[in-house]
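Undergrad: Mind having a look at this structure? Questions to follow.
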Amino acid sequence: MVERTQGGVSAAFAGFVSAVVSVILTIAGTLVGLRSSASQAALFLILTWLLIAASIATGVVAVWLLADSIRKDVRDLAHLRDLEAYVPRLIRFRQRRDTFVIGGDGNATLHISCQVESAESAVVPWISFPMIAEVSPDHTPWTSIVVRRVSVDGVDSDPTIAFVRRERKVPAEPTAADGRLVESGAVRVPVSLAPGRTRCSFTVELELIGAFGFVGHEENCYTDVSYVTDVLEVTITGRDGLEVACSPYAQSRVEAQQLGMEMADMPESQLQSRYCHMADGVHWKTTQAKLGYRYAIPVRGRA
């Protein structure tokens with residue numbers, strides 16, 4: 001790798017300049033030594049060979065610098081290729097189904113069912129995926145997301161340690177209820193995948209408490225795609241007589257944005273909205289979910 005000084009000049013370039021200066025000084029010394037004793041022909045021959053040698057050295061150094069710069073740029077981008085190969089091969093969601101059941105009291109249940117697969121040589125003790133909930137400012141901190149059950153291949157694990165808190169903040173672009181806070185974190189699932197056990201299915205059941213307090217006007221149901229997902233299906237229904245439908249105030253039935261960007265991707269939103277339908281609730285099924293995207297389905301409930 002070409003190392004640079006604080007002034008931004010590479011060590012190789014400094015050596016190249018030093019070599020050129022040395023050749024020039026050599027030529028000058030030769031001129032002084034041969035000024036009175038050498039014939040014009042001998043002087044021309046010697047200088048010709050010196051210039052040829054200097055040209056060859058200059059070309060070799062220039063090619064080396066160019067090749068080294070290209071290698072450095074390739075190494076800087078290598079992590080992108082590694083990431084592209086690593087993410088889909090480490091773990092893949094063959095199927096994911098999210099089912100929201102919203103009540104008129106502002107609470108909801110979320111049932112997540114997944115079938116996952118890892119590479120033969122991968123060791124994946126657990127996986128995690130983001131969870132968020134929008135609540136009023138006076139809501140008791142960190143009570144909006146409660147994991148009730150985590151089961152991997154029919155074996156239950158402790159749900160009380162499944163949710164990891166991340167942050168509690170006001171979103172950059174508040175939704176229907178201005179000033180609400182967003183509580184976010186991650187749900188961890190002990191899949192214990194390893195060579196010889198590359199597939200499993202798991203279910204996660206959560207309570208979203210106070211996260212749908214404005215369902216009579218508009219609320220969002222969120223699904224984050226943190227892994228390559230072949231089939232993603234989201235169903236949203238109501239309970240206790242609440243009928244849920246797509247929000248009439250939303251621009252798209254499915255609103256897409258890159259995770260962390262808080263800015264809508266309109267082409268992706270329009271594409272995914274084609275697969276969202278209403279029949280006894282809201283149903284969205286896609287085989288084209290983008291990795292690293294958050295999908296929000298704005299809904300409205302009526303008793």
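The values are calculated or read from the model by the stated rules, or taken from the named source; none is laboratory data. None of the values given here were measured: they were computed from a predicted structure. With ideal geometry, Cβ positions are generated from the backbone for all residues, glycine too; neighbour counts draw on all protein chains shown. Keep in mind that these areas ignore ligands, DNA and RNA; they rest on the heavy atoms of the full protein, side chains included. Shrake-Rupley method; radii C 1.70, N 1.55, O 1.52, S 1.80 Å.
Undergrad: Can you spot the aspartates and glutamates whose alpha carbon is less than 14 Å from LYS72's alpha carbon? Ignore those fewer than 8 places along the same chain.
TA: GLU3
Undergrad: Between region 284-303 and region 237-274, what is the separation of their alpha carbon centroids in Å?
TA: 5
Undergrad: When the Kirkwood radius is taken over all Cα pairs of region 255-303, what Stokes-Einstein diffusion coefficient follows at 4 °C and 1.567 mPa s, in µm²/s?
TA: Numbers: Rh = 11.7 Å.
D = 110 µm²/s.
Undergrad: Contour minus end-to-end for SER113 and ASP158, with contour as 0.36 nm per residue of separation and end-to-end as the Cα-Cα distance?
TA: Working: separation 45, 0.36 × 45 = 16.20 nm, distance 1.72 nm.
Difference between extended and current length: 14.5 nm.
Undergrad: How much net charge surrounds VAL234 when only the other residues with a Cβ under 13 Å from the Cβ of VAL234 are counted, with Lys and Arg +1 and Asp and Glu -1? Kindly include the intermediate steps, with their values, before the conclusion.
TA: Working: positive: ARG96, ARG97, ARG253, LYS285, ARG294; negative: ASP98, ASP224, GLU233, GLU255.
Taking every other residue near VAL234 into account, the sum is +1.
Undergrad: Counting Lys and Arg as +1 and Asp and Glu as -1, what is the net charge of the other residues whose Cβ lies under 11 Å from the Cβ of TYR293?
TA: Taking every other residue near TYR293 into account, the sum is -2.
Undergrad: Apply the Karplus curve 6.51 cos²θ - 1.76 cosθ + 1.60, θ = phi - 60°, to the phi angles in region 260-272 and return the couplings in whole Hz, x for Gly and Pro.
TA: Karplus values, whole Hz, x for Gly and Pro: x, 8, 6, 9, 5, 9, 5, x, 5, 4, 5, 4, 6.
Undergrad: Tell me the carbon and sulfur percent of the accessible area for region 224-294, rounded to whole percent, probe radius 1.4 Å.
TA: Looking at region 224-294 in its full context, I get 49 percent from C and S.
Undergrad: A further question follows. Please give the FRET efficiency for ARG97 paired with SER136, using the beta carbon to beta carbon distance and R0 = 45 Å, rounded to the nearest 0.05.
TA: Values: r = 29 Å, r/R0 = 0.65.
The calculated FRET efficiency here is 0.95.
Undergrad: Taking amide H positions as placed in the peptide plane 1.01 Å from N, state which residues far from ALA194 in sequence (5 or more) or on other chains have amide H under 5 Å from it.
TA: VAL124
Undergrad: Under the 0.36 nm per residue contour assumption, what length would be gained going from the current alpha-carbon distance of TRP64 and VAL146 to full extension?
TA: Numbers: separation 82, 0.36 × 82 = 29.52 nm, distance 5.97 nm.
Using 0.36 nm per residue and subtracting the Cα-Cα distance, I get 23.6 nm.
Undergrad: Taking K and R as +1 and D and E as -1, what net charge do the other residues with C-beta under 13 Å from the C-beta of PHE129 add up to?
TA: Details: positive: ARG96, ARG166, ARG188, ARG294; negative: ASP98, ASP224.
Once all neighbours under 13 Å are counted, the net charge is +2.
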